[in-house]
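Working notes for the structure below.
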Amino acid sequence: MSKDDKEKTQIIDKDLDLSNAGRGVWLVKVPKYIAQKWEKAPTNMDVGKLRINKTPGQKAQVSLSLTPAVLALDPEEKIPTEHVLDVSQVTKQTLGVFSHMAPSDGKENSTSSAAQPDNEKLYMEGRIVQKLECRPIADNCYMKLKLESIRKASEPQRRVQPIDKIVQNFKPVKDHAHNIEYRERKKAEGKKARDDKNAVMDMLFHAFEKHQYYNIKDLVKITNQPISYLKEILKDVCDYNMKNPHKNMWELKKEYRHYKTEEKKEEEHKSGSSDSE
């Protein structure tokens, strides 16, 4: 840890107020509709009343009643007012509640964000000793609320709606421009006619003088013949390679090849050099 990190840690530890560290607090889980009501309530409003009934030899019974002021925040929304809190002890965990207070002075608030954590006050409000889960009483009001939530959840996210005006958007066309251009080009070229077999073979031999291997698509472009007719001729004069490195390529049969081997080239080269001497 660097020196700067140590200084920052010391500042945070120094500003943490532990005066309420020994106080026991409750961690209460409330339904969503109660949390929404409490978020709308002002800070000085009583949001509920807590009742604790203790019977000797039995577990304490805790109940929560919402105040009429909270219910009046949204009168159209009917929610349950009476709730039961199920209590459970916190044994194998150490949980705490912390709060922070930012400086209220305008001069301090106008400082940079890097300096704000140093001026911020941190408090430990207490240690969690019990967990409580708020559970509404299953009355008619609660059943209607659950029924409405299930109905809203089952509604589809997307709906088909009729429109009464033209939507400015891309509209389907009968045919695309590139398809029309392709058909016109094919029509201008005309249907490929079968040439004489000898003429096609001459074109093939002339092509194989340039390269030893050809793909069928390249031969179709060179000869301008139908692929089925061209394959019939290729089977007579060419071999089809099934293995790498020239897989799916056509090559002239041995009896039609006129390639010079490397040995013959070397012999010709040697004979030419001896003649020159």
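The values are calculated or read from the model by the stated rules, or taken from the named source; none is laboratory data. In this text, all values refer to a predicted model and were calculated from it rather than measured experimentally. Backbone-built Cβ (ideal geometry, glycine too); neighbour counts: all protein chains shown. Remember, those area values only see protein heavy atoms, side chains included, never the ligands or the DNA or RNA. Shrake-Rupley method; radii C 1.70, N 1.55, O 1.52, S 1.80 Å.
Points to keep in mind about this one:
- Using the average count of surrounding beta-carbon atoms within 10 Å as a protection proxy, the listed peptides 222-233, 23-34 rank, highest first, as 222-233, 23-34.
- Ordered from largest to smallest accessible area (heavy atoms of protein chains, 1.4 Å probe), the residues 170, 98, 208 come out as 170, 98, 208.
- For the peptides 210-219, 67-76, the ranking by mean Cβ contacts within 10 Å, running from highest to lowest, is 210-219, 67-76.
- Potential extension, residue 88-residue 168 segment - 0.36 nm per residue separation minus Cα distance: 22.8 nm
- Under the simplified labelling scheme, the residue 28-residue 98 pair shows an inter-label distance of 2.4 nm, with each label point 7 Å from Cα along Cα→Cβ.
- Convex hull volume of the range 194-256 per residue (C-alpha atoms, cubic angstrom): 78 Å³
- In this structure, the amide hydrogen of residue 252, modeled 1.01 Å from its nitrogen in the peptide plane, lies closer than 5 angstrom to those of 239, counting only residues at least 5 positions away or on a different chain.
- Over all orientations, the range 44-91 has a Cα convex hull whose mean projected area works out to 5.0 square nanometres.
- Lys/Arg +1, Asp/Glu -1 at C-beta; the range 137-233 dipole; positive extreme among 153, 205, 141: 141
- Placed amide H near residue 120: partners under 5 Å, 5+ positions off or other chain: none
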